[in-house]
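The values are calculated or read from the model by the stated rules, or taken from the named source; none is laboratory data. What you see is a predicted model, and the numbers here were worked out from it, not measured in a lab. Here the Cβ is made from the backbone with ideal geometry for all residues, glycine too, and neighbour counts use every protein chain on show. In case anyone asks, the SASA skips ligands and DNA or RNA and just uses the protein heavy atoms, side chains included. Shrake-Rupley method; radii C 1.70, N 1.55, O 1.52, S 1.80 Å.
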Amino acid sequence: MLAPGGTVGVLGGGQLGRMLALAAARLGLKTHVYAPEPENCAYDVATARTIAPYTDETALRLFAASADVVTYEFENVPAETVDILAALGARVAPGAKALAVAQDRVVEKEFARSIGAATAPFFAVDDLASLEEGLKRIGRPAILKTRRLGYDGKGQTMIAAQATDLGVTWEQANHKAWEEIGARPSILEGFVDFACEISVIAARGRDGAVALYDPPENRHGGGILRASMVPARVAAETAGRARDIAERMLHALDYVGVIGVEFFVLRDGSVLVNEFAPRVHNSGHWTLDACAVSQFEQHIRAIAGWPLGDPVRHSDAIMENLIGEEILRWSDLAATRGWCLHVYGKGEARSGRKMGHVTRLEPRRPDGAQGR
Ligand SMILES: Nc1ncnc2c1ncn2[C@@H]1O[C@H](COP(=O)(O)OP(=O)(O)O)[C@@H](O)[C@H]1O
Ligand SMILES: [Mg+2]
């Protein structure tokens, strides 16, 4: 168990790293943030920073020597970085397996199925011929996504139900989709006409103990999370199914830390795994204000070998992301009672950039589901 005064190394310097550093500080732990960007909002609140490429061995050696445990806030850290750190004897959590599975959408879906969870129909696409083959099997509409490096809806394109709607031939439509995602290894997914989306934020400790938060209901716009609401408007059995899947994933990956698993809920109450993030997750930000132990503190506790905290929710909550210029409303939001404002301290309010979030709390209704 890492005692107060110890150091947590964090790969990645965005808002998730920033909120991890704040949570670590509350427990008396120091943080060392490592990222390649010269400017990053996590640097402002970390004890130490290293600005270097992810594969700079010299910088990684110094980083590993300074940290008692290393984690990441960004799942696209190169596998090579984790290999170098492991070779240096660093303790990395979550481990290399979770990272490798989460980095490739095909491997991720195969993994979900291997633990008995359902997913959308999918087909691995490597060229135009396999795209055509996939469309024959899966049908239209469908979504083509890059296997790697996609986030916030980037690296995805919709394949319409009818090519003729667009005034083009099937062949032209396929070609356009393939070009749009940069003609790279991809996954074709059947388009899921879901009732809603939910996610499970869960943690597993070094001792194998698991803590699960109540699943929020998530609303996306243009592929970016706009809002999360707890409790989700789903039956208790539906929430239970999602939580069971998240728990099985944690054990199968021999996971240590917080995971975010995204689900599509179908009209019959069944759930499909969409994807998972091997890190704290945007749809868990409400836990900062609605739970005694947030997902950030939970992650720090897990990787530091501490006992997991109680994930119980004391309030109902709606978290809204402040994207791009929405952050300019900060002073009005700060003036509204019952609204908890979080500003990430990023520079320019570029469109599509997550600049902060606000969580509205309401007294918890007695019949809501319970974290465990
Ligand atoms: N197969 C699908 N069917 C219907 N909607 C989808 C599908 N895949 C993704 N989406 C929508 O796009 C959003 C972002 O896609 P996701 O696969 O989660 O990528 P990202 O890594 O960008 O979060 C999802 O939350 C969902 O709203
Ligand atoms: Mg997603």
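Some values worked out for this structure:
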| item | result |
| --- | --- |
| Qualifying residues in segment 55-84 (those that are of a type in the set (A, V, I, L, M, F, W, C), in a helix (DSSP H, G or I) and in contact with a strand residue (DSSP E or B) (Cβ under 8 Å, 6 or more places away or on another chain)) - the one farthest from Leu2 (Cα to Cα) | Ala59 |
| Test for Phe276: is it within 16 Å of ligand 1 (Cβ to nearest atom) and surrounded by fewer than 20 Cβ atoms within 10 Å (Cβ to Cβ) | no |
| Every residue from segment 254-291 that is closer than 15 Å to Pro121 by Cα, more than 10 Å from ligand 2 (Cβ to nearest atom) and within 16 Å of the chain's Cα centre (by Cα) | Phe263, Phe264, Val273 |
| Residue in segment 14-24 that is free of Cβ contacts under 8 Å to residues at least 40 places away in the same chain and over 30 Å from Ile143 (Cα atoms) present | yes |
| Residues (of a type outside the set (A, V, I, L, M, F, W, C) and either open to solvent by 30 Å² or more (accessible area, probe 1.4 Å) or closer than 17 Å to Gly257 by Cβ (or both)) located in segment 74-106 | Glu75, Asn76, Pro78, Glu80, Thr81, Asp83, Gly89, Arg91, Pro94, Gly95, Lys97, Gln103 |
| Residues (more than 16 Å from ligand 1 (Cβ to nearest atom) and surrounded by 20 or more Cβ atoms within 10 Å (Cβ to Cβ)) located in segment 250-268 | Leu250, Leu253, Tyr255, Val256, Gly257, Val258 |
| From Arg18, Arg61, residue being of a type in the set (Lys, Arg), over 25 Å from Lys346 (Cα atoms) and either surrounded by fewer than 22 Cβ atoms within 10 Å (Cβ to Cβ) or not assigned by TED's automatic domain parsing to the domain that holds Gly205 (or both) | Arg61 |
| Single residue of segment 279-334 satisfying the filter (of a type in the set (Lys, Arg) and either assigned to a strand (DSSP E or B) or without any contact (Cβ under 8 Å) to a residue 40 or more places away in the chain (or both)) that is most open to solvent (accessible area, probe 1.4 Å) | Arg329 |
| Filter result for the condition that a residue is away from ligand 1 (no atom under 16 Å from the Cβ) and either under 30 Å from Asn282 (Cα atoms) or touching a residue at least 24 places away in the same chain (Cβ under 8 Å) (or both), over Leu149, Leu144, Leu128 | Leu128 |
